[in-house]
Amino acid sequence: FKGGDTCEYLLSSGRFLGEKVWQPHSCMMHKYKNSEAKNCLLDKHIVFIGDSRIRQLFYSFLKLLNPQVKEEGNKHGNILFEDKSASIKVDFLWYPEVNGSMRQRIKSWTENSVAKPDIIVAGAATWSIKIHNGSNEALTQYKINVTSIAPLLEKLARSSDVYWVLQDPVYEDLLSESRKMITNEKIDAYNEAAVRILNSSSRNSKAKVKVFSVSKLIARETIMKSADGLHLPESSRDTNAMILMNVYCNKIMKPIDGSCCQPQPPLTLIQKLAFCFFTLSIIGYLIINLIHRNSYRKNKSCTDLESGEEKKPAISTPNVSTLEMLLHSFCKLGLIMTYFYLCDRANLFMKENKFYTHSSFFIPIVYILVLGVFYTENTKETKVLNREQTDEWKGWMQLVILIYHISGASTFLPVYMHIRVLVAAYLFQTGYGHFSYFWIKGDFGVYRVCQVLFRLNFLVVVLCIVMDRPYQFYYFVPLVTVWFMVIYATLAVCPQIVQKKANGNCLWHLGLLLKLVGLLACIYFLSYSQGAFEKIFSFWPLSKCFELNGNVYEWWFRWKLDRYVVFHGMLFAFIYLALQKRQMISEGKGDPLFSNRVSNVVLFISIVSFLTYSVWASSCKNKTECNELHPSVSVVQILAFILIRNIPGYVRSVYSSFFAWFGKISLELFICQYHIWLAADTKGILVLIPGYPMFNVLVSTFIFVCVAHEISQITNDLAQIVVPKDNSTLLKRLLCIAGFFSGLLLFSAMQDQARH
């Protein structure tokens, strides 16, 4: 950790990921769209002053504002551009040499505050080398001239952003005869002179000229693709322009995936209160622990002086009190949340952009598959979708999703479509699991509802407070929570139809099917009525939970993407439990699910369906079209997988304990990855150990998995305390929780008012 401003890294160091993706050292670059660039540069005046290389940078910068701009006009003259809609002026001033003329122009800006540009990008040297045939006298004069303009640039830097672009290396083999004197040795000498002279007199860090040296590193990798050996290829120029845009705009626009040049966000009131709470919890736990240690020492076995025998006190070890368990859990959670904050809010650890390659996704997939098969054990029960099997299913899906996120595989459409099926499969399990519980147990009590809601939402609520993120940001938890409440409402509303009641009269089965049809009709209506959906979730305080960036569109999109799959899970559970009750399927150890002939036919159809979906997903043209069909067809591959996994008895009788272990903490893994494995709210990768990508992934993964496992334990411990079985105690706790959220809403409103 070197501290300081990440802008220095952005302007001076980095490397290529692949051929065209530039990765600055320690931070992430945002790819600015035209609209974002215009919003950032609103009412701004930008000037590029220098030679033909600066002119190229000028055009690349212009194209970020207007992609239709063509490189035309007088090459050896001034070029003026104005975007009247955004009041943006971008000028190129032709000054190929650092001389008296350039000095006079710069001096005029220092004397006239009205005409002074907001951003100045300057640089020149190759013409001096060319005109004077690379003579030492020219270099000496260059030093004198740079020395004369340096104080003027530093004066401008007090109120404007001033960049001096160092000269890129040339590809000497491609240079024309008239440019042969421009050698890399000469260019290095001119660059060295500029760096030494600029800022030599400035002691104020705010009045420094920013040296744009990163262009040299980019040119070293790409100059051999130059058309004339002197000017950079277009892709390299575009990278330089994007770096300039990040340097200036990141602190204004604050993009999530643009960590370069962004200051650390100030602590909010809620974050400060959370910090105080966790600090008091840690202090309280340490005090209680100290008291217990002292009492233990006093009761320690002592030697009987008369008999010389050791006496043991007749005191049993006291049970851990509820208060101690509570403080212990919050103590651990406080330390973990500190790590979360340091990883993704403080500018302590480095962050890098993702870069997808097929090998970065598929090799880890093969690796975990081998590990999963290696840790194969017999199941305790052989029912369809038994607990061990569902844990295994969640586990391998979660590992694949994690690899998908860290490798940036969302850019590869076939992988994206298959991952969408895995997310749908999680929701399918939500529908299947909760329907099965309510149908079989008939338990619609408040205790069950509170337990599920607490386990689903505890970590996310804490992260919303500590990381200053809206609830909808962790979209999967709101999605599962709402669907759980929908399942509960569907089955709990009168008449309550459960298996015990339905066994006495078959008409109850028809009543349940009518409920499911009504649910399907509601889903269908809301999916095609965005207005009605948004009205429901735009009412306060629901809007505080489901709004993202000021509207609920993102929530509607996420809900709509997998709108039918929970219903499919509920329907599958109903059909499966009905067949099981009538003993129409065989679930004995090693037995096929159906008769041999039927099993073979259904297995064949399932395999064909599974592969057909994969072929369709791999042939998708664009995300929009595929996402339209996904809600209706994702169930095909999910059902095909369930049948393939359960029809053969020998397959149903074993499971992978490796995958099942991860499945038990799958929710924590999914949420924790946002901040302590990935970075910048999943947009990048956390770098704990720079320079060693593989070792970094191993270390960060180990910490990430340990933290997720520990949070799972903390959640389970706190669930027993916060959600007791006694109804009167539970009611009191619910009133306390309601008070907590009321206070949270109040403080949130105060924060919003302060921000505006």
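The values are calculated or read from the model by the stated rules, or taken from the named source; none is laboratory data. Note that the structure is a prediction, hence the values are computed from the model and not measured. Positions of Cβ are generated from backbone atoms using ideal geometry, with glycine treated the same way; all protein chains shown enter the neighbour counts. Side chains are part of the model used for accessible areas, which takes the heavy atoms of the whole protein and leaves out ligands, DNA and RNA. Shrake-Rupley method; radii C 1.70, N 1.55, O 1.52, S 1.80 Å.
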Inset, instruction - Quote to one decimal, in nm, the extra length available between K208 and Q580 on full extension: 0.36 nm per residue of separation minus the C-alpha distance between them. - result: 126.3 nm
Legend entry - Cβ-based charge dipole, the stretch 519-619, positive-most Cα from W616, S527, G588: G588
Inset, instruction - Quick one: dipole size for the chain, taken about the Cα centre, charges +1 on Lys/Arg Cβ and -1 on Asp/Glu Cβ, in debye to the nearest 20. - result: 1120
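Could you tally the net charge around N627, taking each other residue with its Cβ under 15 Å from the Cβ of N627, Lys/Arg +1 and Asp/Glu -1?
Charge balance near N627 sits at +2.
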Inset, instruction - List every residue whose amide H lies under 5 Å from the amide H of L17, counting only residues 5 or more places away in sequence or on a different chain, with H placed 1.01 Å from N in the peptide plane. - result: W22, Q23
Inset, instruction - Quick one: which residues, 5 or more positions from L678 or on another chain, have an amide H under 5 Å from its amide H? H modelled 1.01 Å from N in the peptide plane, none for Pro or chain starts. - result: L686
Inset, instruction - State the Cα centre-to-centre distance between the stretch 39-72 and the stretch 167-184 in whole Å. - result: 25
Inset, instruction - Using just the helices of the chain, give the 222 nm mean residue ellipticity in deg cm²/dmol: DSSP H runs with n ≥ 4 each add -39,500 (n - 2.57), and the total is spread over all residues, rounded to 500. - result: -20500 deg cm²/dmol
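About the Cα centre of the stretch 387-486, what is the dipole size in debye to 20, counting +1 per Lys and Arg Cβ and -1 per Asp and Glu Cβ, all else neutral?
Roughly 120 debye for the stretch 387-486.
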Inset, instruction - Starting from the Cα of F362, move 7 Å in the Cα-to-Cβ direction to define the label point; list residues of the stretch 388-431 whose amide nitrogen is under 12 Å from there. - result: 415
Legend entry - Selection from L323, H709, Y674 lying farthest towards where the dipole of the chain points positive, charges on Cβ: L323
Legend entry - Overall form of the stretch 647-726 per C-alpha gyration tensor (a/c, 1.5; a/b vs b/c): oblate
Inset, instruction - Could you tell me whether the chain comes out rounded, prolate or oblate from its Cα gyration tensor? Rule is a ≥ b ≥ c as square roots of the eigenvalues, rounded for a/c under 1.5, then prolate if a/b exceeds b/c, otherwise oblate. - result: prolate
Inset, instruction - Grab the other residues whose beta carbon is less than 11 angstrom from that of R469, score K and R as +1, D and E as -1, and report the net. - result: -2
Inset, instruction - For the stretch 621-669 and the stretch 587-606, write down the distance between their C-alpha centroids in whole Å. - result: 19
Inset, instruction - Report the local net charge at L491: Lys and Arg +1, Asp and Glu -1, summed over other residues whose C-beta lies under 14 Å from its C-beta. - result: +4
Legend entry - Sites K254 and V195 - FRET efficiency at Förster radius 25 Å, r taken between beta-carbons, to 0.05: 0.25
Inset, instruction - Using 0.36 nm per residue of separation minus the Cα-Cα distance, give me the extension gain between A489 and N39 in nm, one decimal. - result: 157.4 nm
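For the chain, what does the relative contact order come out to in percent, with C-alpha contacts under 8 Å and a separation of six or more?
With pairs under 8 Å counted, the relative contact order is 15 percent.
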Inset, instruction - Report the label-to-label distance for L369 and L323 in nanometres (one decimal), using points 7 Å from each Cα along the Cα→Cβ vector. - result: 5.6
Legend entry - Length gained when the stretch R297-Y339 is fully extended (0.36 nm per residue, less Cα-Cα span): 11.7 nm
Inset, instruction - Kindly write out, for the stretch 454-469 in residue order, the coupling ³J(HN,Hα) from the Karplus curve 6.51 cos²θ - 1.76 cosθ + 1.60 (θ = phi - 60°), rounded to whole Hz, with x marking Gly and Pro. - result: 5, 5, 6, 10, 4, 4, 5, 4, 4, 5, 4, 6, 6, 9, 6, 10
Inset, instruction - Using the charge dipole of the chain (Lys, Arg: +1 at Cβ; Asp, Glu: -1 at Cβ; taken about the Cα centre), state which of H231, N551, L516 has its Cα farthest towards the positive end. - result: L516
Inset, instruction - Using the Karplus curve 6.51 cos²θ - 1.76 cosθ + 1.60 with θ = phi - 60°, work out ³J(HN,Hα) for each residue of the stretch 679-689 in order, rounded to whole Hz, and write x for Gly and Pro. - result: 8, 6, 6, 6, 6, x, 10, 6, 10, 8, 10
Legend entry - Vicinal HN-Hα couplings computed from phi for the stretch 695-706 (Karplus, 6.51 cos²θ - 1.76 cosθ + 1.60; Hz; Gly/Pro x): 5, 4, 5, 4, 5, 5, 5, 4, 5, 4, 5, 4
Inset, instruction - Rounded to the nearest Å, what's the spacing between the alpha carbon centres of the stretch 335-368 and the stretch 373-419? Just the number, please. - result: 19
Legend entry - Cα-centre dipole for the stretch 7-253 with unit charges at Cβ (Lys and Arg positive, Asp and Glu negative), debye to 20: 640
Legend entry - Shape of the stretch 7-253, Cα gyration tensor, a/c cut at 1.5: rounded
Inset, instruction - Please give, to one decimal in nm, the separation of the simple spin-label points placed at F539 and E172, each 7 Å out from Cα toward the Cβ. - result: 7.7
Inset, instruction - List the residues whose amide H sits under 5 Å from the amide H of V654, counting only those 5 or more places along or on another chain, with H placed 1.01 Å from N in the peptide plane. - result: T379
Inset, instruction - Enter the accessible area of H328 (Å², nearest 10), with the probe set to 1.4 Å and all protein chains included. - result: 70
